[in-house]
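Remarks on the structure that follows.
The values are calculated or read from the model by the stated rules, or taken from the named source; none is laboratory data. These figures come from a predicted structure and were not determined experimentally. Just so you know, the surface numbers come from the protein's heavy atoms only, side chains and all, with ligands and any DNA or RNA stripped out. Shrake-Rupley method; radii C 1.70, N 1.55, O 1.52, S 1.80 Å.
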Amino acid sequence: MILSFKNTSAMCAVFLSVSVSSFHTSAIATVNKQSQWIAQQSKTLSHPVFKSILPKLKQKTQIRILLPKFIPESDGENPIYATIEAVTQKKYEILLGFSPDCNGSSACRLGVVSAEAVTRKTPRLTGKPVSLTKGITGYFVDFSCGAGCSDATLTWRQQGVQYVVGVKAGERTSLIKMANSAIN
């Protein structure tokens, strides 16, 4: 009877040991898969308007590409198009418009998304300081109107790159939301 109790205890210990180590491995695998999935989603999530131009941006520029998930006026009533105006290793500029061949015309222009590596020649940031996500300070410059209205812009620097989002006659709160959606 003592022998069978020892054998049973040993078998239980082995079973428990294998079960716990298997649970630990599967728990880690699940956590790792979820972390990888979240990381992939956060890297790939941007507004759908950028989908067609993203491969060219990735191919041509070496700076970190931040594209907003939120774009004012993109509620679905009017389609929005993104057009690459310029792209080099150290910068990109994307025009947002209401037609695929807008070319910056005032009638179809919605705004701009751009980025450029900061150098010694990069001018100091100007405008009204605003708080952005992750403790970043952005600088808001309001639009002006004459024969037409200019873009209101929000500029910030992150990891050696200066980013700008702009919307024609845009509101400060919309630009903050747009910038934060690119930063996250």
Just subtract the alpha-carbon distance of K90 and K56 from 0.36 nm times their residue separation and send over the number in nm, one decimal. 10.8 nm
Please say if the stretch 34-173 is rounded, prolate or oblate, where rounded means a/c under 1.5 for a ≥ b ≥ c the square roots of the C-alpha gyration tensor eigenvalues, and otherwise the choice is prolate for a/b larger than b/c and oblate otherwise? rounded
With all protein chains present, how much of the accessible area of the stretch 66-184 (probe radius 1.4 Å) comes from carbon and sulfur, to the nearest whole percent? 48
Residue-normalised accessible area of the stretch 61-184, given per residue in Å² at a 1.4 Å probe: 53
